[in-house]
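Asks: Mind having a look at this structure? Questions to follow.
The values are calculated or read from the model by the stated rules, or taken from the named source; none is laboratory data. Nothing here was measured: the structure is a model prediction, and the numbers come from that model. FYI the Cβ positions are ideal-geometry reconstructions off the backbone, even for glycines, and counts take in every protein chain you see. We work out accessible area using only protein heavy atoms, side chains counted, and drop any ligands, DNA or RNA first. Shrake-Rupley method; radii C 1.70, N 1.55, O 1.52, S 1.80 Å.
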Amino acid sequence: MPQDVRFDLPFRTPVSAHLESAREHHLRWVRERGLVRSRAGFEEYRSWDLPEAAARTYPHASADDLVVLMNWFSLAFLFDDQFDTARPDRADRIAEVARELIATPLRPAGTAPRVVCPITVAWAEVWTHLSHGMSLAWRTRFAASWGRFLVAHTEEVDLAARGLAGTLGLAEYAEFRRRTVGIHHSIDAGERSRGFEVPPQVQAHELMVRMRDLAADTIGFMNDIHSFERERRRGDGHNLIAVLHRQLGSTWEEATAEAYRMTRDRLDEYLALEARVPRMCEELGLDAEQRVRVRMGVEAIQHWISGNYEWALTSGRYAASKDGPAVTAELAGKGSLDDLLVV
């Protein structure tokens, strides 16, 4: 039921015209880089249809850039799935790989990774392309958001390794989810996808800071709703529905309804703030060209809210029911069929 939960969004976003050709190039790249190592792993990965997610969240990217963004999605999603509850010792290896992923944007582009596995090698390649043509300010902002996301991911893995998954209270979980969902750097990548940068004074303005946080909350909570069945199979307590079920002592249906209400509240607040963007531009004395970049920055947020939502409704990653090796792995606490942390 959760993957079928619908939200009434006030904006529709386009889908890239390059989707099909980019998907073909991307799937070949994933196999060549060793990001899928088995036939079952490849079939499961293909069912997720991450290329559609990229085509919806970055609809204005060029054909070549869209492939780069799809490649980035693959390594990020696959790394997120590497923890195995049956092997808590892997938490240390995940932290080691995460540190390498954090360091990559802080080194000169093209630097070979010091910790070698398919994910780190792929990220070094992707970052060289993703950072091309962007300012030091953008690269620094992206690196900071990317780093916070990966640190939060290792914290989540550490909690699970210690048997503490699902122990966070609601307020603590909501703050934690804002970091683990990884939306801030994903919105930053929207600038790279269209070759522009939001003016620094706008990025620092309290209105834009709050809008980005609310977008992260909205997308994170939507994702928790749509991915609930998969995460319940895996025994993953890091999910808003699971937190509400435990804290409120409610039924699963009541917890889902409350999660929906919380998501809608975050979205409504975001929309109210978005309507104040023209006033912010006036206050900051922005010229016409700067206002165009602000508008595209807002569109980057909209693309993520709407695009991620539309993709999640049909992605095989969040399917309520599955069969075969993928569900067997999930029931065993695994997120991935292939081990990508070894050479």
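Asks: Between beta-carbons, use under 15 Å as the cut-off and find the net charge around residue 164, counting Lys and Arg +1, Asp and Glu -1.
Replies: With Lys, Arg at +1 and Asp, Glu at -1, the neighbours total -3.
Asks: Could I get the Rg over Rh figure for the chain? Both from C-alpha atoms, Rh via Kirkwood, rounded to two places.
Replies: Reported Rg/Rh, Kirkwood definition of Rh: 0.94.
Asks: For segment 106-191, what number results from the quotient of the Cα radius of gyration and 2.2 N^0.38 Å?
Replies: 1.27
Asks: Let me ask you something else. For segment 113-125, what does the Karplus curve 6.51 cos²θ - 1.76 cosθ + 1.60, with θ = phi - 60°, yield as ³J(HN,Hα) per residue in whole Hz, taken in order and with x for Gly and Pro?
Replies: So the J values, rounded to whole Hz, are x, 8, 9, 9, 6, x, 6, 5, 5, 5, 5, 4, 5.
Asks: Counting only heavy atoms of protein chains, what accessible area per residue, in Å², does the chain have with a probe of 1.4 Å?
Replies: Per residue, the chain has an accessible area of 41 Å².
Asks: Would you kindly state how much longer the chain becomes between residue 37 and residue 167 on full extension, computed as 0.36 nm times their sequence separation minus their alpha carbon distance, in nm to one decimal?
Replies: 43.4 nm
Asks: With Rg and the Kirkwood Rh both taken from Cα atoms, where does Rg over Rh land for segment 1-88?
Replies: Ratio value, two decimals: 1.03.
Asks: Along segment 92-104, what does the Karplus equation 6.51 cos²θ - 1.76 cosθ + 1.60 (θ = phi - 60°) give for ³J(HN,Hα), rounded to whole Hz, x for Gly and Pro?
Replies: 5, 5, 4, 5, 5, 5, 4, 4, 5, 5, 5, 6, 3
Asks: Oh, and also: Could you calculate the contour length gain from residue 63 to residue 314, that is, 0.36 nm times the residue separation minus the distance between their Cα atoms, to one decimal place in nm?
Replies: That works out to 88.0 nm of additional length.
Asks: Okay, moving on. Between beta-carbons, use under 11 Å as the cut-off and find the net charge around residue 16, counting Lys and Arg +1, Asp and Glu -1.
Replies: -1
Asks: Got a number for the accessible area of residue 153? Probe 1.4 Å, square angstrom, nearest 10.
Replies: 10 Å²
Asks: Express the carbon and sulfur contribution to the solvent-accessible surface of segment 62-141 as a percent, rounded to the nearest whole number, probe 1.4 angstrom.
Replies: C and S fraction of accessible area: 58 percent.
Asks: What figure in square angstrom, to the nearest 10, would you give for the accessible area of residue 97 with a 1.4 Å probe?
Replies: Probe radius 1.4 Å; accessible area of residue 97 about 0 Å².
Asks: Which value in nm describes the separation of the simple spin-label points at residue 89 and residue 115, placed 7 Å from the Cα toward the beta carbon?
Replies: Placing both labels 7 Å along Cα→Cβ, they lie 1.7 nm apart.
Asks: Using a 1.4 Å probe on the protein heavy atoms only, what accessible surface does residue 187 show? Give it in Å² to the nearest 10.
Replies: For residue 187, the solvent-accessible surface is approximately 10 Å².
Asks: Counting only helical runs of four or more DSSP H residues, what would the 222 nm mean residue ellipticity of the chain come to if each run contributes -39,500 (n - 2.57) and the total is spread over all its residues?
Replies: Mean residue ellipticity at 222 nm (helix-derived): -21500 deg cm²/dmol.
Asks: Excluding residue 224 itself, what net charge comes from residues whose Cβ is under 9 Å from its Cβ, given Lys and Arg +1 and Asp and Glu -1?
Replies: Residues near residue 224 contribute 0 overall.
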